[in-house]
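The values are calculated or read from the model by the stated rules, or taken from the named source; none is laboratory data. If you're wondering where the values come from, they're calculated on a predicted model, not measured in any experiment. Reconstructed Cβ throughout: ideal geometry from the backbone, glycine too, with neighbour counts over all protein chains shown.
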Amino acid sequence: MIVNFTNAAIAAITCWTLGTLMSILSRRTPALKLPAFALSFGGSLVMAAFIAFYWVLLDRPPLRTLGETRLWYATLIPLVGFLVEYRWKIDWLKYYCMALAAFFLGINMLHPEVFDKTLMPALQSPWFIPHVIVYLVGYVLLAASSVTALHNVSLQVRKKENLTGESVSHYLALLGFVLLSFGLIFGALWAKEAWGHYWTWDPKETWAFLSWLAYLGYLHAWRYKIDRAKLQWYLALSFVVLLVCWFGVNYLPSAANSVHTYSQS
Amino acid sequence: MVDLPRRLFQSPWEFREAGLFTAVAVIAGFSVQYAGLGIGIPQAHLPYNALFLGLFALAVISAGLAFRNNAFVKWLGGIPLGLCLICAIALLSLIGGIIPQTAPAPGSRPALLGLNQIFSSWPFALTILLFLANLGLSLSWKLVPFKVQNLQFILFHAGFWIALSCAIFGAPDLQRLVVPVEEGKASNLGYTMDSETPQIIPFSVFLQDFSLEEYPPQLLLFDPNTGKIFEERSKANILVHKGLKASWKGLDIDVLDFIPYALPGKSGVPEPADRTAGIPFAKIRITSTNATVREEWITTGSPFVNTKDAQVGSLFLGIRPGTPKAFRSEVTVQDETGNPSKATLEVNHPINFMGWKLYQMGYDQKAGRWSKVSLIEVIRDPWLPAVYLGFFMIMAGNILFFWNGIKRTEGAS
């Protein structure tokens, strides 16, 4: 391949690194703010362009394997960081987001996947794209929420003032939960068309349900006015359940009979 | 006045009581499961399950409305108990998410505790029932008196209640049968996964034609003795097409010609054939580092034509049939009065007939493209519309949740 993943990933990570450095420098030199943003945003644009290129090359949406979902994840998560900065004037989240994106691209570089154009018949459905994209955006928001919650915890420990942090992590979790619900239901509607039943307690379904319950629990705890400082711990850890659902399931004994095993790494 | 810490069971009840209550319920569930020696929950079919569910809903709603100021009922429908039950459902699901949910060895401890069938075990059923009661009570208080600002709450919670209860109470009415049909024949016999005795379905399926479309074949370099397949330089899964270039260490391959459907011809050159009989042939040029160049026709083979690979030293270069891209059955379904109706069944494109859904499920995998048998799954689920109603209510509630969330943060900032 002429445009290959490694080059795209290196270009994106370089953009994010330079953007981060420049952004830190821009605290003293405000004139650097715009180029810093342009560079950081450019990293995601590089990845978006690569996904578009890869989509054409594969003749199918690159959403089948875990590695392919990580591409989308790495592209989208910095955007959440930029949006949060724009919306709440919180500038630190984007650094975590870019670091996470680089981390996921790093995993892909260490575990190159076999380039494979085939798409099994069950995945050839109009539900394929909405189901996966809704989930990915949900995961991205919940990762950002989890990172914000961790940051809140560290501020608590250092006894620093933190006015908006808890509402940011909450709002990201709320948005993420809405998308998880849609992802779960889209998945159920698709399963009815493809496999005959909307719910079969397939291990991936069970873990998706567990992740959904984790955030359902969080929202009720928040509503009941449980100490919100403590809830930051809960939010930070909930993401672990999501990660099991996303990657971990494949390594569990229950995965042997899963219909969600199109992945190779 | 000294503010003493609240003792257990001192009113108002909260999390500790809820946690204890939930734990007792789960332990009771496991005890029943164990004492029942693995016997499942009694299964009620229509109309009895619907009747029971209706009465249960009525009981919960009227209890909620009649005793809305009673401290115990308030606690029973409150968030602390709800959260504890969510935790219990999550823990039970966790068991189901880790331990394979397959038929266990009879008499083993996991079997006696229902761990291999956790989602149809007593502890799970009991927890769900309590959860439905808790959810139903909280719902009754938001339903009466009705306020527009409670709409999001009502849609989400009622949707969840309906979807969950109908999925669980309706499960015994779900019928899933596999109907194997041979080309040119009709069948009205369906099999379940766990029985060899067929059941008669109220219509027959006649199979005109089964067809399977494959992705292009894959080009492979392998060691015939060990079966090891060598990765091509680009690490790609190589699908054969005319003009393809592939390379391994010390070996370059050019695909000079590719015929997707052909049969062996005279003088060794394959001749194009029709789709039903033809198989893929590729003409390849092999260039090795020691500068030898040769050209050769290779083929995937079929049940009727031998596979032909090219030998390269001690290794073989061959093409293998691609994975299925699509498979479909042309069928005629006929009800008892003999009304025929033609349809095409394909994965992801089921058809509806007499309240049943018909799915293209599988075929004879050994025969692949030449399969004369199609496996058609027929499914009847009379509770589906109710479950879907629940799903759509949850989604509507979620849209409002999202919208209100935005409005609230905008108001706050």
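Determine whether segment B:264-274 contains at least one residue that is outside the structural domain of B:ARG369 (by TED's automatic domain parsing), modelled with pLDDT under 95 and under 30 Å from B:VAL205 (Cα atoms). Yes, there is a match, as at least one residue in segment B:264-274 is outside the structural domain of B:ARG369 (by TED's automatic domain parsing), modelled with pLDDT under 95 and under 30 Å from B:VAL205 (Cα atoms). Among the residues of segment A:71-78, is any among the hydroxyl-bearing types (Ser, Thr, Tyr), in contact (Cβ under 8 Å) with a residue 60 or more places away in the chain and not in a helix (DSSP H, G or I)? Checked against the condition, which is being among the hydroxyl-bearing types (Ser, Thr, Tyr), in contact (Cβ under 8 Å) with a residue 60 or more places away in the chain and not in a helix (DSSP H, G or I), segment A:71-78 yields no hits at all. Of the residues that make up segment A:70-80, is at least one over 26 Å from B:GLU232 (Cβ atoms) and more than 10 Å from the chain's Cα centre (by Cα)? Looking for residues that are over 26 Å from B:GLU232 (Cβ atoms) and more than 10 Å from the chain's Cα centre (by Cα), one finds at least one in segment A:70-80, hence yes. Residues that are over 21 Å from B:ILE79 (Cβ atoms) and assigned to a loop (DSSP other than H, G, I, E, B) within segment A:174-229 comprise A:GLY196, A:HIS197, A:TYR198, A:TRP199, A:THR200, A:TRP201, A:ASP202, listed in sequence order. Pairs are defined by a Cβ separation below 7 Å, a sequence spacing of at least 6 or placement on different chains, a first member in segment A:116-134 that is of a type in the set (S, T, N, Q), and a second member that is not in a loop (DSSP other than H, G, I, E, B); the pairs so defined are A:SER125/A:TRP190; A:SER125/A:GLU193; A:SER125/A:ALA194. How many of the residues making up segment B:216-238 are at pLDDT 90 or above and under 30 Å from the mean Cα position of the chain (by Cα)? Residues that pass the stated criteria total 3.
Here A:LYS225 fulfils each of the conditions (1) surrounded by fewer than 22 Cβ atoms within 10 Å (Cβ to Cβ); (2) at the interface with chain B (Cβ under 8 Å from one of its Cβ atoms); (3) free of Cβ contacts under 8 Å to residues at least 12 places away in the same chain apart from (2). Considered as a group, the residues in segment A:166-177 that are in contact (Cβ under 8 Å) with a residue 40 or more places away in the chain and either buried (at least 22 other Cβ atoms within 10 Å of the Cβ) or touching a Gly at 6+ places or on another chain (Cβ under 8 Å) (or both) include one that is farthest from the other protein chains (Cβ to nearest Cβ), and that residue is A:SER169. Among the residues of this structure, B:SER314 does not count as one that is at pLDDT below 95, within 30 Å of B:ALA246 (Cα to Cα) and surrounded by 14 or more Cβ atoms within 10 Å (Cβ to Cβ). Of the residues that sit in segment B:325-339 and are touching a residue at least 60 places away in the same chain (Cβ under 8 Å) and more than 22 Å from the chain's Cα centre (by Cα), which one is farthest from the other protein chains (Cβ to nearest Cβ)? Ranking the qualifying residues of segment B:325-339, first place goes to B:GLU336. At least 3 residues being free of Cβ contacts under 8 Å to residues at least 60 places away in the same chain and within 30 Å of B:PRO12 (Cα to Cα) is the threshold, and among the helices (runs of 4 or more DSSP H) wholly inside segment B:42-130 those reaching it are B:48-66, B:79-98. For segment B:18-64, what are the residues that are among the small types (Gly, Ala, Ser), crowded, with 16+ Cβ neighbours inside 10 Å and under 29 Å from B:GLN175 (Cα atoms)? Hits for segment B:18-64 are B:GLY29, B:GLY38, B:ALA50, B:ALA57.
Consider A:ALA11 carefully, then state whether it is part of a helix (DSSP H, G or I), closer than 30 Å to B:ALA246 by Cβ and more than 14 Å from chain B (Cβ to nearest Cβ). Yes: the conditions hold for A:ALA11. Of the residues in segment A:238-252, not one is loosely packed, with under 14 Cβ neighbours inside 10 Å, in a loop (DSSP other than H, G, I, E, B) and modelled with pLDDT of 80 or more. With respect to being polar (S, T, N, Q) and assigned to a loop (DSSP other than H, G, I, E, B), B:GLN365 fits the description.
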